[in-house]
Structures are given as structure tokens and as C-alpha cells.
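Just below is one structure, and these are the notes that go with it.
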Amino acid sequence: VPAARDRLRIAIQKSGRLSDPARALLASCGLSWRESRDKLFCYGETLPVDLLLVRDDDIPGLLADGVCDYGIVGRNVLDEQAALRAAEGKPQVSKEVRALGFGGCRLDVAIPEAWDWEGPQHLQGLRIATSYPGLLGRWLAEQGVEASVVVLSGSVEIAPRLGQADVVCDLVSSGATLTANQLRPVATIMRSEAVLAGPLQPFADIRGELAQMLLRRLDGVLRLRD
Ligand code: PRP
Ligand code: ZN
Ligand code: MG
């Protein structure tokens, strides 16, 4: 049983696409922090709600370990962890609590511009570079396609030019990265946006009331933004 805590801790991306909108969203819920933009930890002032500034990819693990209570992270990152856990027969540990309406992107398969595409069967026997082996592996299985998945933690888009892979499966937002690398998207594996990730079960301590208040405020802010 995790130790009772009397403050909520929310993990957000330290620097990247989601960090400013995540902070702005929490600020419009009435939260404020002792200013420490470059630090790992921001101590909540108006409410006992602290921030941990981390790499987005670390957020599901921090939730799983109970280090953080909530996280603002791309659905792609959250669902990737869920897919890996499922593949390993491990139980789920966190879930999507709210979709937040920013950071929209797709997880797409992209192939060299000059190639034809007649559907997923085209991928049979190819090498696919991705940072999302869980989601890609599940999709390939659904399509009945056997391919080899080359797992890279970054710079996936250059893998075909380096000869590391034939095609890629990566996030697409504006599409500029694919275009710059002479790749074109041919299949969408998932649609993503920033989400609030949280626990499967309600908290048994004071964090339960804090969480309820935060979610009420968040719902108010999200309704106004619609
Ligand atoms: C994603 C993806 C591409 C880029 C695509 O990385 O891996 O590099 O965004 O965006 P575009 O279509 O607008 O060019 P991102 O920087 O979001 O995350 P990462 O740093 O975790 O790879
Ligand atoms: Zn990342
Ligand atoms: Mg990137």
C-alpha cells in the first residue's frame, strides 16, 4: 500500500511541445507555483499541487511507480506503455482521465515518397523504424503483417536514409519532418493529443479530494475552451 500523501504531484514535460500548454492549462485551473522554471520540481502555492518536470517518455513510469499522481502526456506515450504492459502480461497501472485538446498528432507509417502503396500488406518483410514498438506491433498483428521492428529512441525519420530501416512509424504533426526526409504517410495507427493520465483507483487519502477539485476546475476550463 503506497504511503499516504497530503499533496498532489503532477508530472509534465520539462521542455517540448506539451510543456507550455500543460503549464498554462494548470494555471488556468487556479494553480500557481513558486517560480523555478529550470528546476525539476515546482512547489504549489495556491493549492497543495506540485509539478515534476520530466521527459514525456518517463511520465507513464513515474505514474506506475507512484512517484506522481497525475501526468500530462501524449496519448501515444500512455498507450505505448499500456501496449507494452499488455504484451508482457502485466496489469495496467494508469488510464486516460481527460483528453486535453492540444498537442494533436497522428502515429503514422511513412514510406519513401517514390514508393507505391497498396495497403499494409506492402510492409510484409520490411524493416520499420519506430519509437513505438508496442503500438506498431499490435497494429501489425491486427493487419496480419510480419515485419521487423527496429526500435529507436529518436531521429526515426533518418533511419531509411541511413539504411537502418526501410520505412518508419512515427508521430506526425505538421508533416514537415516527413517531407524534409522524403517520406510520405500512408497509414494512421492512432490519433493522439495531450491527455491527463491518472490512477485506476481513487485515492484513499486527502489526495482524493484534491483530485476531485482539480478535475472539476479542469472540466470548467475545458468547457470554456470548446
Ligand atoms: C515528433 C516526431 C517528429 C516530429 C514530427 O517528435 O518524432 O520528429 O515530432 O512533427 P512534424 O510533423 O510537425 O514535423 P517530438 O519532437 O514531438 O517528440 P520527441 O522529442 O519525443 O521525439
Ligand atoms: Zn518524447
Ligand atoms: Mg522527434
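Any read-out appearing in this document is the output of simple, stated calculations on the displayed coordinates, not a laboratory observation. This one's a predicted model, so the numbers in the text were calculated from it and none came from an experiment. Cβ: placed from backbone, ideal geometry, glycine included. Neighbour counts: every protein chain shown.
Structure notes:
- Built amide H within the under 5 Å cut-off of I189, gap 5+: L107, D108, V109
- Selected from S174, V150, P185, residue furthest toward positive end of dipole (region 105-192; charges at beta carbon): S174
- Dipole orientation for the chain: of the candidates L136, N76, W117, N76 has the Cα lying most toward the positive pole (charges on Cβ; Lys, Arg +1; Asp, Glu -1).
- Summarising the amide proton neighbourhood of K14: residues at separation of 5 or more, or on other chains, whose placed amide H is nearer than 5 Å comprise V54, R55, D56.
- Kirkwood Rh, angstrom, the chain [1 / mean 1/r, Cα pairs]: 18.9 Å
- Panel note: the C-alpha atoms of region 105-192, placed on their principal axes, show extents of 31, 26, 24 Å (largest first).
- Residues in region 46-56 carry Karplus couplings, in order, of 5, 9, x, 10, 9, 10, 10, 9, 9, 6, 3 Hz; the curve used is 6.51 cos²θ - 1.76 cosθ + 1.60 with θ = phi - 60°, and Gly or Pro positions show x.
- Counted by neighbouring Cβ atoms within 10 Å, the residues M213, M190 run from fewest to most as M213, M190.
- ³J(HN,Hα) computed for each position of region 217-226 - Karplus, 6.51 cos²θ - 1.76 cosθ + 1.60, integer Hz, glycine/proline x: 5, 4, 4, x, 5, 5, 5, 5, 7, 5
- Sites V149 and W117 - FRET efficiency at Förster radius 25 Å, r taken between beta-carbons, to 0.05: 0.85
- Note on region 105-192: with charges restricted to the Cβ of Lys and Arg (+1) and Asp and Glu (-1), its dipole about the Cα centre is near 220 debye.
- Of all aspartates and glutamates in the structure, those lying under 16 Å Cα to Cα from K90, and not within fewer than 8 positions of it along the same chain, are D65, D79, E80.
- Mean separation of Cα contacts under 8 Å (6+ apart) over length of region 1-158, as relative contact order %: 19 percent
- Whichever aspartates and glutamates have a C-alpha closer than 16 Å to that of K39, once near sequence neighbours (fewer than 8 apart) are set aside: D20, D50, D56
- For L53, L107, L215, L18, order by how many other beta-carbon atoms lie within 10 Å, fewest first: L215, L53, L18, L107
- 13 Å beta-carbon shell around Q182, net charge (K/R +1, D/E -1): 0
- Between 0 and 90 degrees, the angle of helix 75-87 with respect to the longest Cα principal axis of the chain falls at about 70 degrees.
- Between amide H atoms placed 1.01 Å from N, distances below 5 Å from V149 occur with I128, all of them 5 or more places distant or on a separate chain.
- Charged neighbours of I128, selected by a Cβ distance under 12 Å, balance to -3 (K, R count +1; D, E count -1).
- Fewest-first ranking of I12, I189, using other Cβ atoms within 10 Å as the exposure measure: I189, I12
- Across region 141-155, coupling constants 3J(HN,Hα) worked out from phi with the 6.51/-1.76/1.60 Karplus curve, θ = phi - 60°, read 4, 4, 7, x, 10, 9, 9, 9, 9, 9, 8, 10, 8, x, 6 Hz, and Gly and Pro carry x.
- Distance (nanometres) between label positions extended 7 Å along Cα→Cβ at Y43 and Q182: 5.6 nm
- Cα centre as origin, Lys/Arg/Asp/Glu Cβ charges: the chain dipole, Debye: 620 debye
- The simple Förster model, with R0 at 25 Å and r as the Cβ-Cβ distance, assigns L200 and D6 a FRET efficiency of 0.75.
- P(r) of region 43-153 over all Cα-Cα pairs, binned every 10 Å from zero, in whole percent: 12, 36, 30, 15, 5, 2
- Linear extension gain, S19 paired with R223, 0.36 nm per residue minus alpha-carbon span: 71.3 nm
- Around D219: net Lys/Arg minus Asp/Glu count, Cβ-Cβ under 12 Å: +4
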